[in-house]
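Heads up, the thing below is written out as C-alpha cells.
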Amino acid sequence: MGKRRNVRQWALAYALLLPSLVVFAVFAYLPLYRLVHFSLYQQSSRLGGGERYVGFGAVWDVLSGERFLQGTWITIKFLIFTVPAGIALGVLLAMAAHRRLKGIKIFQTIFSSTVASSVAVSSVVFLTLVNEQIGLLRNVSWLSLKSPNSALFAAALSSVWQNLGLTFVIVLAALQTVPEELLEAAHLDGYGAVRRFFRVVVPLISPALFFLAIVLVVYGFQAYAQIELITGGGPLRSTETLLYRITKLQKNTDLQVGASMSLGLFGLTFLVALVQFRLLERRVTYGN
Amino acid sequence: MSSVSFDHVTKRFGDTTAVDDLTLEVADREFMVLLGPSGCGKTTALRMIAGLESVTEGELRIGERRVNDVDARDRDISMVFQSYALYPHMTVRKNIESPLVATRHARPAAAERAARVREAADVLDLAPYLDRKPGELSGGQRQRVALARAIVRRPQVFLMDEPLSNLDAKLRTQTRLELVELWRRLEATFIYVTHDQVEAMTMASRIAVIADGRLQQVGPPQAVYDRPANLFVAGFIGSPPMNMIAGEVDRSPLAGPLRVRTAIGNIPLPTPPTTNLHSVVAGIRPEHLRLGGSDLSVEVLNVEQLGHERHVICRAGDARWVVRQAAHEPAPAVGERVGLGVDGASLHLFDPTSTERIA
C-alpha cells in the first residue's frame, strides 16, 4: 500500500510540474537548441537552399573575431557605466525617501515611477533632453550623441535613469526591514552616520544589493531599445553593444555568425553571474 | 559612575505630551526602576537620557553635565534594548566589541579590546559562544550578549528598556537575580524601565511610578508598597492588587467608635483621619483581610490554590476583592457568604476627587 501511494504521489508531482516544463521547453530549451544548431550550420543564401555543417571551428572564428570582441568591450563599458552608478543612486534616493516625514509617500511614488514607464518612453524623453535645438541638456558636452566618446555614456545614463525606479523600490523595501533599534544601538555604540551606514545598514540590505547587481548586469547585457532609439548604434558604431550587433545579423547568410555571437553572449552572462555569486555570496548576510 | 537628574523635563510629540514636567533625581550607583503601564512615558524618559529623543523643555543632567544638546554617542551611557538590538551579521565577539571600535579616535589597542571582550564574556558566561552569530543563540543568551555589549565600555550609566520581557517566566526570575548581582559588581548607576511591578519590587533601590507622563511617586519598593501616594500607585503596585471600596467617614459620637461606612459593612478606624473629608476611598491589601471576621460581608466567587497559600476571590459590592489565606486554614466554599475582619492599622484612605492619599 505504501508503495502504491508513493507512485501516486510521484505521478501527481510530475503532473503538476508538467505545465511549467512545457513552457520552459518551448520558450527556453528549444530556442537554445536551435541556437546551437544555427551556430554549427551555415545557411544557404537561397531560400530553402539547405544548410552546411561548419562546426565549432566556425563558432570559434566568430568569437575570436573583431566584431564580437569589440561588441563585448562596448558592452563591458556599458555595464561599468550603468551598474555601480545605478545601485549607488538607487541607495541614495532610497535613503532620502526612507524617513517618517509627512508626504514622503509622494516622493516614494515619484522616485519609483520609472518602473511603470517603458524603455521607449524614457528613451524619447531622454532624447528630448539632449536634443540639439531645444534640449535642456544640449550644451552638456559629455552627453553629446554626436561624439563617439560620449554617446555610450549618454545611452548608459538613460539606462541608469530607466532602472532607477526598480533599484529604488528594492532598496527602500530592504531598508524598511532594518530594525530602528539596531541603528539606535549603533548610534549609542558610538558609530557616526557614515559608519552606521556601512557597518550596519549595508550588511543588512546586502541580499537586495546582490540581487540588484545581478539584475542590472543582465539588463545591461540585454540593453537594446535604448541603444536603438537614442544612438542607433552610432556614431561610428561606438554604441553597438553585443546584443545590438546580434540583432543586426538577420539575413539568412548571417545566421551562423549571429547565432555564434549569441552563444558567446550567453556564455558571458552565465560567467559574470557565476563570478558574482562566488564573490558576493560570501559577503551577503541572509536571515535573522 | 554618575547620577542622572531630570529638572522639570517635558517631552512633547506634536500635540501629545509623553513626559510631563518630570523632576527626578537618580543617585550615583542607584538601581532606579521606572515603572508604569505601557504608554505612560517611561520609555520616552529613558530614551531622553540616552539621547535618542530630544528634550522639549527642562534640563537633563548626567553627573554635573547638562546633556540636553549632547549627541547620544558622547553621553557615555550604555543601553540594553527590549529586542536586544544585536547586529545579526556579526559574531558575538564582534557584537560585544562594537562599542570599543566604533569611535576611531578613542579606540583601545587590539590586545586591550580582546581582554575587555573576554572579561565581559566571562562575567556573563558567554565565552563558549563568542564565535557564533546571534541567530544561533537562545533568547536568554542573546540577552546576555546585549548586557555584555553594554558593560564592555564601562559607561557612567546603564539604561535598560524592558530587557526581560522577551524571556520566559523561569529565565526571567533567574535573570533578575543576575542583573542585581551585575549591578552590585559594577557599582554603576542602573536605570531600568518596566511595566512589571514584580521586577520593580525585586530589583530596585528605588521605584519611580509613572502614569500619563507624570511622576506619581518615588521611593524604596517597600515604602511605595506600604504607603502608596495615590489611588493609581495603590492599584498598580501589589499582586494581587489592593482591594478598594468607596465609603464615608462616620464621625458622629453616637455611632460608637470611629469608622468608615461602606456598602458591605463598616471598617473600624484606630485613629481619626487627618482630614475633614466625608467621602473617601478605602484600600486594603489582600493580606490584611481575615476570613471569619465580622466587619464586612462578602460572597465567595472562586478559590485559587497556589500551594503555599490561596486567593479567595469575593464579590464586595460592585468590586471583586482578593483575600489572601494561608494554605493550612480551612478554605471557604464557593457561593458561601463570609465575614471579613479588617486590621484598621493597615487601612489606606484616599481622597476620591484628587485620588491622593489621606492616611
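The values are calculated or read from the model by the stated rules, or taken from the named source; none is laboratory data. Keep in mind the model is a prediction, meaning the values are calculated, not measured. A quick note on method: Cβ atoms are made from the backbone with ideal geometry, for glycine too, and the neighbour counts reach across all protein chains shown.
General observations
- Segment B:232-286 - residue that is surrounded by fewer than 19 Cβ atoms within 10 Å (Cβ to Cβ) and of a type in the set (D, E, K, R) and, of those, nearest to B:P352 (Cα to Cα): B:E248
- Residue match in segment A:21-35 (condition: in contact with a helix residue (DSSP H, G or I) (Cβ under 7 Å, 6 or more places away or on another chain), part of a helix (DSSP H, G or I) and within 30 Å of A:Y219 (Cβ to Cβ)): yes
- If the condition is being within 14 Å of chain A (Cβ to nearest Cβ) and either more than 22 Å from B:M160 (Cα to Cα) or among the β-branched types (V, I, T) (or both), then segment B:99-109 contributes B:V101, B:T103, B:R104, B:H105, B:A106, B:R107, B:P108.
- Qualifying residue in segment B:110-130 (condition: crowded, with 21+ Cβ neighbours inside 10 Å and within 8 Å of another protein chain (Cβ to nearest Cβ)): no
- Criterion applied to B:D69, B:D15, B:D74 was being within 14 Å of another protein chain (Cβ to nearest Cβ), surrounded by fewer than 17 Cβ atoms within 10 Å (Cβ to Cβ) and of a type in the set (D, E, K, R), and the one residue passing it is B:D74.
- Members of segment A:105-138 found to be of a type outside the set (S, T, Y), more than 25 Å from A:I74 (Cα to Cα) and free of Cβ contacts under 8 Å to residues at least 24 places away in the same chain, listed by number: A:K105, A:I106, A:F107, A:I110, A:Q133, A:I134, A:G135, A:L136
- Annotation: A:G264 fulfils all but one of (1) surrounded by fewer than 18 Cβ atoms within 10 Å (Cβ to Cβ); (2) among the small types (G, A, S); (3) modelled with pLDDT of 90 or more; the unmet one is (1).
- Of the numbered criteria (1) touching a helix residue (DSSP H, G or I) at 6+ places or on another chain (Cβ under 7 Å); (2) in contact (Cβ under 8 Å) with a residue 60 or more places away in the chain; (3) not assigned by TED's automatic domain parsing to the domain that holds B:A316, the one B:P268 fails is (3).
- Here A:I170, A:I205, A:I214 are screened, and the one residue that is within 11 Å of chain B (Cβ to nearest Cβ) and either assigned to a helix (DSSP H, G or I) or out of contact with any helix residue (DSSP H, G or I) (no Cβ under 6 Å at 6 or more places or on another chain) (or both) is A:I205.
- The residue that is modelled with the lowest pLDDT, counting only those in segment B:14-29 that are more than 13 Å from B:V218 (Cα to Cα) and among the charged types (D, E, K, R), is B:D15.
- Verdict on B:L289 being touching a residue at least 60 places away in the same chain (Cβ under 8 Å), of a type in the set (A, V, I, L, M) and either touching a Phe, Trp or Tyr at 6+ places or on another chain (Cβ under 7 Å) or buried (at least 17 other Cβ atoms within 10 Å of the Cβ) (or both): no
- Residue in segment B:164-174 that is polar (S, T, N, Q), more than 14 Å from chain A (Cβ to nearest Cβ) and at negative phi present: yes
- Members of segment B:234-285 that are among the polar types (S, T, N, Q) and at pLDDT 80 or above: B:S239, B:N243, B:T262, B:N266, B:S279
- Qualifying positions in segment B:131-149 - within 9 Å of chain A (Cβ to nearest Cβ) and either in contact with a Gly (Cβ under 6 Å, 6 or more places away or on another chain) or in a helix (DSSP H, G or I) (or both): B:P134, B:G135, B:E136, B:A146, B:R149
- Residue in segment A:161-175 that is of a type outside the set (A, V, I, L, M, F, W, C) and exposed (fewer than 14 other Cβ atoms within 10 Å of the Cβ) present: no
- Annotation: of all residues in segment A:111-160 being among the aromatic types (F, W, Y) and surrounded by fewer than 20 Cβ atoms within 10 Å (Cβ to Cβ), the one that is farthest from the chain's Cα centre (by Cα) is A:W142.
- When residues of segment A:217-235 are limited to those that are part of a loop (DSSP other than H, G, I, E, B) and buried (at least 16 other Cβ atoms within 10 Å of the Cβ), the one nearest to the other protein chains (Cβ to nearest Cβ): A:A223
- Of B:V180, B:V152, all but one fail to be over 17 Å from the mean Cα position of the chain (by Cα), among the β-branched types (V, I, T) and modelled with pLDDT of 90 or more; the exception is B:V152.
- Among the numbered conditions (1) loosely packed, with under 14 Cβ neighbours inside 10 Å; (2) touching a residue at least 40 places away in the same chain (Cβ under 8 Å), the only one that B:R107 does not meet is (2).
- Residues in segment B:83-98 that are at the interface with chain A (Cβ under 10 Å from one of its Cβ atoms) and either part of a loop (DSSP other than H, G, I, E, B) or at pLDDT below 90 (or both): B:S83, B:Y84, B:A85, B:L86, B:Y87, B:P88, B:H89, B:M90.
- Selection within segment B:307-343 - within 17 Å of B:V260 (Cα to Cα) and in contact with an Asp or Glu (Cβ under 9 Å, 6 or more places away or on another chain): B:A316, B:G339, B:L340, B:G341, B:V342
The rows are residues; the columns are (1) more than 12 Å from every other protein chain (Cβ to nearest Cβ); (2) more than 28 Å from A:A273 (Cβ to Cβ); (3) in a loop (DSSP other than H, G, I, E, B); (4) not aromatic (F, W, Y).
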| position | (1), (2), (3), (4) |
| --- | --- |
| A:L127 | yes, yes, no, yes |
| A:I134 | yes, yes, yes, yes |
| A:K146 | yes, yes, yes, yes |
| A:A155 | yes, no, no, yes |
| A:S159 | yes, no, no, yes |
| A:A186 | no, yes, no, yes |
| A:R196 | no, yes, no, yes |
| A:V201 | no, no, no, yes |
| A:L209 | yes, no, no, yes |
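- Residue match in segment B:142-151 (condition: within 18 Å of B:V33 (Cα to Cα) and in the same structural domain as B:D28 (by TED's automatic domain parsing)): yes
- Segments classed as strands (runs of 3 or more DSSP E), wholly inside segment B:258-331, with at least 3 members that are touching a Ser or Thr at 6+ places or on another chain (Cβ under 9 Å): B:279-284
- Reported count of residues in segment B:210-230, each being over 24 Å from B:G341 (Cβ atoms) and in contact with a strand residue (DSSP E or B) (Cβ under 8 Å, 6 or more places away or on another chain), is 14.
- Of everything in segment B:309-326 that is at pLDDT 90 or above and more than 20 Å from B:G344 (Cβ to Cβ), the residue that is surrounded by the most Cβ atoms within 10 Å (Cβ to Cβ) is B:V312.
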